[in-house]
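Enquirer: Structure provided below as structure tokens; questions to follow.
None of the figures in this text is laboratory data; all of them are computed from the coordinates on show. Since the structure is predicted, the reported quantities are computational estimates derived from the model, not experimental observations. Heads up, the Cβs are rebuilt from the backbone with ideal geometry, glycines too, and the neighbour counts pull from every protein chain shown.
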Amino acid sequence: MAGPICTILLSKPLDKYQLAQLDEYTNAIGDKCNQFERLNKNGFSSWDFSVKLNEIISRKGDERGCVFSLHTWNGIIAEAYADNEIEESILIQMEQKIGFRPQGHIQVDAGCNGEIDHLLLGRMAFDLINKFGGNIDFGGVVLERKYYDTVKGNLSDIWYESLNGPRYYQIADRDFLENFIKDNNFRLSK
């Protein structure tokens, strides 16, 4: 993907009724919405769509639509197309910081990297958290530590080991996401 990405971490998998709600949501905000399901142990579903102009936020007439993808899966699996589980050390941190180990996931990807695409993705993530609960996994660092107090809500670091030593990415609650979207420096991870 060329643009930003984020994942909504859920305490339990989406049920059939909630998947139907997700399908309704993507059809309401998107043009040319294509859905497919890969029935496997992870309950994978996916949607590809272009966001309708002015459906989520006001857009200028010359701004072009971008293709967005939305994926859901069940279990303690790290990524939509993977079978590897999240490391135990990361799960322990998540449990301490958000109160649960994620059993369901909704990932949203933007195919473009413009300012409007980051904002659209943030608004969609906020809509999804309002609809299904959960916390947002930014998949990277969205706010430097010296600015943590500038945005209200709960932003937490999740540490892991890499070949280059310890690194972290950030997860947050609904309140942080709501306030961060309003911030002039709002930008998601790529």
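Enquirer: Quick one: net charge of residue 129's neighbours, Cβ under 13 Å, K/R +1, D/E -1?
Expert: -2
Enquirer: OK, next. Apply the membrane-span-like helix rule to the chain: whole DSSP H runs, Cα extent along the own long axis of at least 24 Å, mean Kyte-Doolittle hydropathy at least -1.0. List the helices found.
Expert: Those that pass (Cα extent of 24 Å or more, hydropathy at least -1.0) are 115-132.
Enquirer: Over the chain, what relative contact order in percent results from Cα pairs under 8 Å that are six or more residues apart?
Expert: Dividing the mean separation by the residue count of the chain yields 28 percent.
Enquirer: To continue, here is another question. Tell me the mean residue ellipticity at 222 nm calculated for the chain from its helices only (DSSP H runs of n ≥ 4, each -39500 (n - 2.57), averaged over every residue, nearest 500).
Expert: That calculation yields -8500 deg cm²/dmol at 222 nm.
Enquirer: Once the stretch 93-164 is represented by equal point scatterers at the alpha-carbon sites, with solvent omitted, what log10 I(q)/I(0) does the Debye formula produce at q = 0.16, 0.17 Å⁻¹?
Expert: Reported log10 I(q)/I(0), two decimals: -0.75, -0.85.
Enquirer: Residues with beta-carbon under 13 Å from that of residue 5, excluding residue 5: net charge, scoring Lys, Arg +1 and Asp, Glu -1?
Expert: For residues surrounding residue 5, the net value is -2.
Enquirer: Sticking with this one: Scaled to the compact-protein estimate 2.2 N^0.38 Å, what is the alpha-carbon radius of gyration of the chain, rounded to two decimal places?
Expert: 1.00
Enquirer: Treating the beta-carbon of each Lys and Arg as +1 and of each Asp and Glu as -1, no other charges, what is the dipole magnitude of the chain about its Cα centre, to the nearest 20 debye?
Expert: Approximately 260 debye in magnitude.
Enquirer: Using per-residue counts of other Cβ atoms within 10 Å, averaged over each peptide, order 107-117, 176-186 from highest down.
Expert: The peptides rank, most packed first, as 107-117, 176-186.
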